[in-house]
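Please read the structure below before turning to the comments.
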């Protein structure tokens, strides 16, 4: 109801501004500038006579000339701006006001959401979330999406003949060797290189099946990449399930987080995609392929989600190991000033938002270079707690501490 009241008041104000010139009394308007000038000259002439600056005869001649010009200017102005009958002016004002209100109301009735329908109907948040869930549930499966999005892979004539002969031999031999791990790996790699992603996806699935419980996380990430590539970028229910399983094994996995975000972006939940990708960009190394993909799409997701977001530059993640090593040869004061400037933003971000193991390692190394060894040890202790359950990340932090000479 408040919305309609605001719109009504705004429409009345706009209509009033349009009608004001029509309803203004022309008799009360200011006189034209030329007429006002001549009147001012007559008044000045009278003051000159009173002060004795000009004699009476000369003043009379000047007054006659000015009066003649004044009358001529007044007649010209009246002819130029003649007034219309009052009833006609009021009628025009009424017609104009009704036209403005009618056109505005008609457009809103046609395009707005008076009764919750229309091309731009208002959709409550709960309804949008429910519609997104229905969209996710109604997605076709992996195979159906692959059939619908089947595109031309690299044609045989676009690849060297000897390379295509090798691939054809793999296609003939490998399916007859169901347990040949190296053969299936080669087939998956070369099918992907040819752009034949459905075949590459099937081969990678066989690689994981052969390895069984010993399948590595990179194997699953590669399968996830191939599944989405095979569907031309659509995250299928099977790809979503695989991403969820990867997150159970590694809650910070960048590939899985990116594709879950992509799924939400594709099902009208840009707010969720934005939150997932924003954390990825803040925590993940910028050279990571999935971080780069998130960087390429997060601004659109932020816009659709109504978020005010500016993509941070790639060089705002604090000093690298190379920068820290280069600073060793600088003048001590210049070195300290440079590293302090680079460290400040990184330290603030890690304290407020967290970050990757590489970021923590950079901060530890930088603190040692600055001579803030106690702070470096405290940060090392915090990083050890943070990455205690992730041996690979913990090893990155420990390696940085060892290089810096921390116990």
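What follows is calculated from the coordinates using simple rules that are stated; it is not laboratory data. This is a predicted model, so every value here is computed, not measured. Don't worry about glycine lacking a Cβ; one is built from the backbone with ideal geometry, like all the others, and counts go over all protein chains shown.
Worth pointing out:
- Simple label model, 7 Å out from Cα along Cβ direction - residue 300 to residue 101, nm: 4.5
- Of the residues 163, 258, the one with the fewest other Cβ atoms within 10 Å heads the list, and the complete ranking is 163, 258.
- Peptides 357-368, 56-67, 192-203 ranked from most to least packed, by the mean per-residue count of other Cβ atoms within 10 Å: 357-368, 192-203, 56-67.
- Ranked by how many other Cβ atoms sit within 10 Å of their own Cβ, fewest first, the residues 219, 55, 162 fall in the order 162, 55, 219.
- Region 183-238: relative contact order in percent, alpha carbon pairs under 8 Å with at least 6 residues between: 32
- Pairwise FRET efficiency - residue 91 versus residue 64, Cβ, R0 = 51 Å, nearest 0.05: 0.70
- Debye log10 I(q)/I(0) at q = 0.08, 0.15, 0.18 Å⁻¹ for region 151-305, Cα point scatterers: -0.27, -0.84, -1.06
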